[in-house]
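The structure under discussion appears below in the form of structure tokens.
The values are calculated or read from the model by the stated rules, or taken from the named source; none is laboratory data. Bear in mind that the values here come from a model prediction, so they are computed numbers and not experimental data. Cβ: placed from backbone, ideal geometry, glycine included. Neighbour counts: every protein chain shown. Areas reflect the complete protein model, heavy atoms only, side chains present, ligands, DNA and RNA absent. Shrake-Rupley method; radii C 1.70, N 1.55, O 1.52, S 1.80 Å.
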Amino acid sequence: MKWDEFFVTGEPMIYGAMVSIVVASLAIVIGLTYFKKWGYLWREWLTTVDHKRIGIMYIISALLMLFRGGVDALLMRSQLAIPENGLLDAQHYNEIFTTHGVIMILFMAMPFIIGLMNVVVPLQIGARDVAFPRLNAVSFWLFFAGAMLFNLSFVIGGSPDAGWTAYFPLASNEFSPSVGMNYYSIAIQIAGIGTLMTGVNFIATILKMRAPGMKLMKMPMFTWSVLITCVIILFAFPVLTVALALMMFDRMFGSQFFTMANGGMDMLWANLFWVWGHPEVYIVILPAFGIFSEVIATFSRKNLYGYSSMVGSMVIISLLSFLVWAHHFYTMGHGAMVNGVFSITTMLIAVPTGVKIFNWLLTLHKGKIEFTTPMLYSLAFIPIFTIGGVTGVMLAMASADYQYHNTMFLVAHFHYVLIPGTVFAVIAGFYYWFPKLFGFRLNERQGKLAFWVIAISFNVTFLPLFLLGLNGMTRRMYTYSADTGFGPLNMIATIGAFGLAIGFIILVYNIYWSFRYAPRETNGDPWNARTLEWSTHSPIPDYNFAIVPTVQGRDPFWEHKKGGHQLYKGNYEEIHMPNNSGQPVILGGIFFFFGFAMIFGWWIPAIIGGLGVIVMLAVRSFERDHGHHIPVREIEETEARLRGEQA
Amino acid sequence: MKRKGLLLAVFSALLVLLTGCNSLAVLNPKGPVAKTQSNVIIFSMLVMALILLVVYVLYIFMLTKYRASKAAPDYEPPHVEGSKWLEFTWIAIPVVIVTILSVVTVRTTNALDKVPAGYEDQKPLVIYASSSNWKWHFSYPEEGIETVNYVNIPTNRPIEFRLYSYGPITSFWVPQLGGQKYAMSDMVTKLDLVAEHEGSFIGKNSNFSGKGFADMEFEVLAMSNAKYGEWVNEVKNTAAPLTEEQFNSLLDTAKVGRQTYSSTHLEFSPAPEGEHAGHNHGGGSDDNSQMDHSDMDMNMDHSDTKDDGAEHASHGN
């Protein structure tokens with residue numbers, strides 16, 4: 001292989017990206033060396049098994065990916081702003097919409113959700129860590145290895161270009177001969193294994209590690225949503241694993257699962273992809289529902305309305321999410337009977353979702369609503385997401401979908417669901433739980449400004465796309481002629497997209513500003529909130545709770561504050577905590593190496609990498625690591641310090 | 001106030017959506033299939049607007065009435081567990097709505113699977129539409145002619161498009177005549193359309209199929225039966241026949257302009273249906289549903305022809 005095949009060449013933008021990657025990497029290495037932070041980074045972050053720090057690393061990675069995917073989006077919108085635009089060529093555009101989709105769903109939305117999960121769930125259930133702390137770190141490093149591998153594709157070897165759905169035979173060697181689709185199959189596979197382990201880990205955590213008295217039906221709504229999400233992960237991700245493995249066999253070892261010749265079946269890929277892909281949508285949306293439930297209850301100063309039906313509706317959504325995958329290809333030629341059945345199951349999802357919308361509205365009823373930044377995102381979610389929901393019902397009607405399928409109408413619909421749903425939720429959750437992690441609030445004025453810019457720009461961007469779809473504009477076309485009449489609405493959408501970008505820049509500036517100037521708090525409960533995580537100190541000590549809380553009701557901390565129930569009974573006792581370990585990050589590095597070699601078909605390095613993985617597993621199995629104990633005296637000192645008493 | 005402005009914008013946009021119907025291709029149908037779909041779409045929009053209205057009214061009511069800034073400083077919101085009756089209401093009403101929509105969907109989806117109502121007594125004109133590397137081939141087996149990247153059809157006569165592909169999955173879509181269907185390499189899908197107005201309509205591939213995807217447009221020219229007959233005769237008399245060699249070199253080329261031939265490629269490169277089908281999906285095609293597994297070996301032999309086509313298609317990359 002020649003160098004000019006190895007590196008992507010011929011594009012000034014790519015050269016710019018290469019230079020900036022090298023410069024940024026050098027700056028990080030030099031900075032860490034100059035400030036002597038290597039040891040700190042290794043001890044405190046790279047080897048950590050603390051769920052809070054793993055959560056923070058997930059969130060930082062997700063924010064980075066938000067900007068990577070966002071730049072993709074801006075490039076796409078710039079290209080489409082005017083007819084016959086020459087900013088991007090077809091190949092470049094195809095790569096960009098493919099990576100935009102993959103990155104936003106798998107490397108932005110999922111890790112952001114999992115990051116918040118990591119931070120919040122153990123705290124909400126009164127636990128000191130997750131069930132398998134080191135496995136949790138392995139999950140993160142596998143996700144990270146997968147994400148970095150996927151991002152590498154745009155400078156080394158070429159990005160995937162067959163759409164995030166990677167339909168065969170387009171994604172086969174025959175029609176996508178570059179290594180781009182190899183990146184797709186390997187990078188997502190590695191990250192997916194991490195996600196699957198997260199699912200197992202959190203199911204075990206939530207089922208086994210709740211504080212005494214916290215029955216299932218007393219769990220906070222976010223924890224419930226995470227539990228259900230993890231069950232979906234457990235059933236959906238193995239399908240993705242299999243589909244990606246078959247894809248890898250087809251592309252690298254000459255098997256014929258999805259090819260056009262020798263009995264391969266392109267529709268099999270579409271089915272496997274969406275059997276995972278549709279539940280995936282709910283994997284990123286259900287925790288969002290959980291976040292909104294927490295935020296809306298807190299800032300209405302009321303308990304969540306209809307708790308049981310909220311739980312029930314999520315269970316029903318999770319079941320239905322597995323029964324609707326064929327609505328992604330009504331047009332594949334199955335008969336009216338099949339399309340009819342999938343139409344009905346799809347539309348049925350609107351019922352439990354509607355229940356949740358009305359329950360949130362009734363939570364506001366007779367409340368005392370405070371318009372904080374997290375609350376603004378949660379409130380804006382309701383009207384915008386409802387548009388996404390009703391257009392979803394419209395799409396579910398098979399006969400009408402023949403006209404919407406693969407058009408901008410669909411693009412508008414899923415952005416109307418995913419942005420107010422997932423993106424607003426993670427931003428709301430980020431603002432809401434931020435003071436818990438760092439001991440100070442993000443600036444509210446800047447937060448609200450960013451919110452209004454984002455909320456308005458969002459509608460400016462995506463509302464025109466509904467009309468474009470009905471006017472016959474298909475998705476994924478890199479250009480169009482002026483006489484189609486698509487020009488003006490596309491221009492409006494592009495202006496909106498840049499508005500969104502400005503909103504996100506304000507958000508990041510807000511984080512920077514607040515780190516420097518925001519007043520620090522001593523109280524662990526800045527929002528006057530209701531659930532257990534707010535009853536411990538901010539920032540949170542390693543062990544989360546000095547004494548394991550006992551729970552009576554659904555809003556234990558609120559009841560405690562109202563003087564009803566004593567959360568912490570008894571005295572300090574020795575706390576057992578897991579030890580840090582370098583193994584997860586090393587394993588992630590080996591997986592990265594292994595994946596990279598596989599992508600290029602370098603078999604000897606790949607075998608070495610594969611053996612490396614096995615060696616790491618063997619090393620772990622022989623290790624005797626029983627963790628460590630924090631003595632009572634140290635707990636007393638820490639607690640006194642966190643209360644602000646100087647020892 | 002800003003929030004109300006936003007809502008107003010959303011509402012007025014919806015109004016534009018409903019009133020601006022005629023300028024949008026999908027809502028400006030020129031045949032019974034697109035007409036049915038347009039009716040379903042407008043009906044669903046009205047129902048959805050009603051749902052949005054209910055949610056938005058409740059929402060504005062809650063947000064204006066229960067703001068903390070309006071409440072007394074010592075106001076303590078009550079603890080409310082929920083209400084069986086209210087929760088039952090917002091389960092029951094959506095179930096009714098979904099039921100109505102389901103009935104509409106199932107009936108129309110069934111109707112769209114057949115020759116449109118009012119045209120059942122006519123023998124449909126069969127046109128094979130196949131895609132290869134960013135162009136469309138239209139074969140008229142009855143007339144024995146073939147066109148590339150444009151298709152002429154008679155008005156007020158059912159047309160049965162039989163769709164397949166020599167490469168990636170594509171989707172055959174003529175918005176003003178009716179919704180789309182996929183064209184795939186190993187099976188034939190059918191799409192029944194009728195044009196009730198003369199005119200030129202844009203057709204396109206709507207399923208991403210690689211580099212030249214954005215250019216995969218074709219013209220559908222609907223003309224009176226008499227004019228159509230004249231055109232067919234003209235083609236038969238003036239155009240050259242399509243040889244296997246020419247067809248293969250056509251498959252090799254990524255994009256071409258319009259072409260016309262006085263014979264079809266179906267004779268030497270048959271569509272993947274009947275004994276030539278790759279798989280049986282039971283998708284309503286009679287030829288497919290009668291096939292059983294004992295035929296499978298036979299299919300393998302015939303698939304050679306198809307593989308040739310596939311190979312040629314790939315050269316165009």
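Condition check ((1) open to solvent by 10 Å² or more (accessible area, probe 1.4 Å); (2) small (Gly, Ala, Ser); (3) in a loop (DSSP other than H, G, I, E, B)) across all residues:
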residue	(1), (2), (3)
A:354	yes, yes, no
A:359	no, no, no
A:362	yes, no, no
A:366	yes, no, yes
A:374	no, no, no
A:382	no, no, no
A:388	no, yes, no
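Evaluate the following for residue B:77: is it open to solvent by less than 30 Å² (accessible area, probe 1.4 Å), in a loop (DSSP other than H, G, I, E, B), at pLDDT 90 or above and in contact with a Gly (Cβ under 6 Å, 6 or more places away or on another chain)?
The answer is yes for residue B:77.
List the residue pairs whose Cβ atoms are under 7 Å apart, where the first residue sits in the stretch A:388-414 and is outside the structural domain of residue A:424 (by the TED database), the second is of a type in the set (Phe, Trp, Tyr) and assigned to a helix (DSSP H, G or I), and the two are 6 or more positions apart or on different chains.
Every condition considered, no pair remains.
With (1) in contact (Cβ under 8 Å) with a residue 40 or more places away in the chain; (2) open to solvent by less than 10 Å² (accessible area, probe 1.4 Å) as the list, and residue B:163 as the residue in question, which single condition is left unmet?
Unmet condition: (1).
Just to be sure I understand the filter: pairs with C-beta atoms under 6 Å, separated by 6 or more residues or on different chains, first member in the stretch A:287-308 and farther than 16 Å from residue A:225 by Cβ, second member charged (D, E, K, R) and not in a helix (DSSP H, G or I). Which pairs pass?
What qualifies is A:299/A:370; A:301/A:368; A:303/A:555.
Only one of A:64, A:26, A:80, A:74 is surrounded by 15 or more Cβ atoms within 10 Å (Cβ to Cβ) and over 24 Å from the mean Cα position of the chain (by Cα); which?
A:80
For every residue, the table says whether it meets (1) surrounded by 24 or more Cβ atoms within 10 Å (Cβ to Cβ); (2) closer than 23 Å to residue A:426 by Cβ; (3) in contact (Cβ under 8 Å) with a residue 12 or more places away in the chain.
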| site | (1), (2), (3) |
| --- | --- |
| A:117 | yes, yes, yes |
| A:122 | yes, yes, yes |
| A:157 | no, no, yes |
| A:162 | yes, no, yes |
| A:166 | yes, no, yes |
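If you check B:275, B:217, which single one turns out to be under 28 Å from the mean Cα position of the chain (by Cα), at pLDDT 50 or above and within 15 Å of residue B:149 (Cβ to Cβ)?
B:217
Among the residues of the stretch B:17-50, how many are within 15 Å of residue A:467 (Cβ to Cβ) and either modelled with pLDDT of 60 or more or crowded, with 20+ Cβ neighbours inside 10 Å (or both)?
Within the stretch B:17-50, residues that are within 15 Å of residue A:467 (Cβ to Cβ) and either modelled with pLDDT of 60 or more or crowded, with 20+ Cβ neighbours inside 10 Å (or both) number 11.
Specify which of the listed residues (A:582, A:595, A:563) is modelled with pLDDT under 95, open to solvent by less than 70 Å² (accessible area, probe 1.4 Å) and out of contact with any Ser or Thr (no Cβ under 8 Å at 6 or more places or on another chain).
A:563
Quick one: is residue A:86 farther than 30 Å from residue A:426 by Cα and outside any helix (DSSP H, G or I)?
yes
Could you please find all residues in the stretch A:253-298 being over 22 Å from residue A:349 (Cα atoms) and hydrophobic (A, V, I, L, M, F, W, C)?
Correct list: A:253, A:257, A:258, A:260, A:261, A:265, A:267, A:268, A:269, A:295, A:296, A:297.
Identify, please: which residue in the stretch B:80-127 is touching an Asp or Glu at 6+ places or on another chain (Cβ under 9 Å) and more than 7 Å from chain A (Cβ to nearest Cβ) and is, among those, surrounded by the most Cβ atoms within 10 Å (Cβ to Cβ)?
Taking the candidates together, the pick is B:127.
Output the qualifying pairs, or none if there are none: Cβ atoms under 7 angstrom, residues six or more apart or on different chains, first residue in the stretch A:21-40 and within 26 Å of residue A:153 (Cα to Cα), second residue open to solvent by less than 90 Å² (accessible area, probe 1.4 Å) and modelled with pLDDT of 85 or more.
A:21/A:155
Go through the stretch A:270-289 residue by residue and tally those that are open to solvent by less than 30 Å² (accessible area, probe 1.4 Å), of a type outside the set (Phe, Trp, Tyr) and under 17 Å from residue B:182 (Cα atoms).
Count: 1.
For the stretch A:508-545, give me each residue that is outside any loop (DSSP other than H, G, I, E, B) and open to solvent by 10 Å² or more (accessible area, probe 1.4 Å).
Residues satisfying the conditions are A:508, A:509, A:511, A:512, A:513, A:515, A:516, A:517, A:520, A:535.
Being assigned to a loop (DSSP other than H, G, I, E, B), buried (at least 17 other Cβ atoms within 10 Å of the Cβ) and not basic (Lys, Arg): is that true of residue A:549 here?
When the stated conditions are applied, residue A:549 passes them.
This table checks each residue for (1) in the same structural domain as residue A:177 (by the TED database); (2) within 30 Å of residue A:155 (Cα to Cα); (3) among the hydrophobic types (A, V, I, L, M, F, W, C).
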| site | (1), (2), (3) |
| --- | --- |
| A:591 | no, yes, yes |
| A:596 | no, yes, yes |
| A:600 | no, yes, yes |
| A:605 | no, yes, no |
| A:608 | no, yes, yes |
| A:613 | no, yes, yes |
| A:618 | no, no, yes |
| A:632 | yes, no, yes |
| A:635 | yes, no, yes |
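What's the number of the condition residue A:607 fails, among (1) within 30 Å of residue A:634 (Cβ to Cβ); (2) open to solvent by 60 Å² or more (accessible area, probe 1.4 Å); (3) at pLDDT 95 or above; (4) not aromatic (Phe, Trp, Tyr)?
(1)
So how many residues does the stretch A:306-340 have that are over 18 Å from residue B:94 (Cα atoms), within 10 Å of chain B (Cβ to nearest Cβ) and part of a helix (DSSP H, G or I)?
Total meeting the criteria: 11.
When you scan the stretch B:226-251, how many residues do you find that are under 19 Å from residue B:201 (Cα atoms) and open to solvent by 90 Å² or more (accessible area, probe 1.4 Å)?
Qualifying residue count, the stretch B:226-251: 1.
Quick one: what pairs do we get from the stretch A:229-254, first residue under 24 Å from residue A:116 (Cβ atoms) and buried (at least 17 other Cβ atoms within 10 Å of the Cβ), second at pLDDT 95 or above and among the small types (Gly, Ala, Ser), C-beta under 6 Å, 6+ apart or different chains?
Here the result reads A:230/A:199; A:232/A:318; A:233/A:199; A:237/A:192; A:240/A:192, each pair linking the stretch A:229-254 to a residue that is at pLDDT 95 or above and among the small types (Gly, Ala, Ser).
Could you identify the single residue in A:260, A:267 that is surrounded by 20 or more Cβ atoms within 10 Å (Cβ to Cβ), touching a residue at least 40 places away in the same chain (Cβ under 8 Å) and part of a loop (DSSP other than H, G, I, E, B)?
After applying the criteria, what remains is A:260.
From the list A:430, A:440, which residue is out of contact with any Asp or Glu (no Cβ under 8 Å at 6 or more places or on another chain) and open to solvent by less than 30 Å² (accessible area, probe 1.4 Å)?
Result of the check over A:430, A:440: A:430.
Exactly one condition in (1) under 19 Å from residue B:163 (Cα atoms); (2) more than 14 Å from every other protein chain (Cβ to nearest Cβ) is false for residue B:231; which is it?
Among (1) under 19 Å from residue B:163 (Cα atoms); (2) more than 14 Å from every other protein chain (Cβ to nearest Cβ), the lone unmet condition for residue B:231 is (1).
From the residues in the stretch A:1-39 that are touching a helix residue (DSSP H, G or I) at 6+ places or on another chain (Cβ under 9 Å) and not aliphatic (A, V, I, L, M), which one is nearest to residue A:585 (Cα to Cα)?
Applying the filter and picking the extreme gives A:38.
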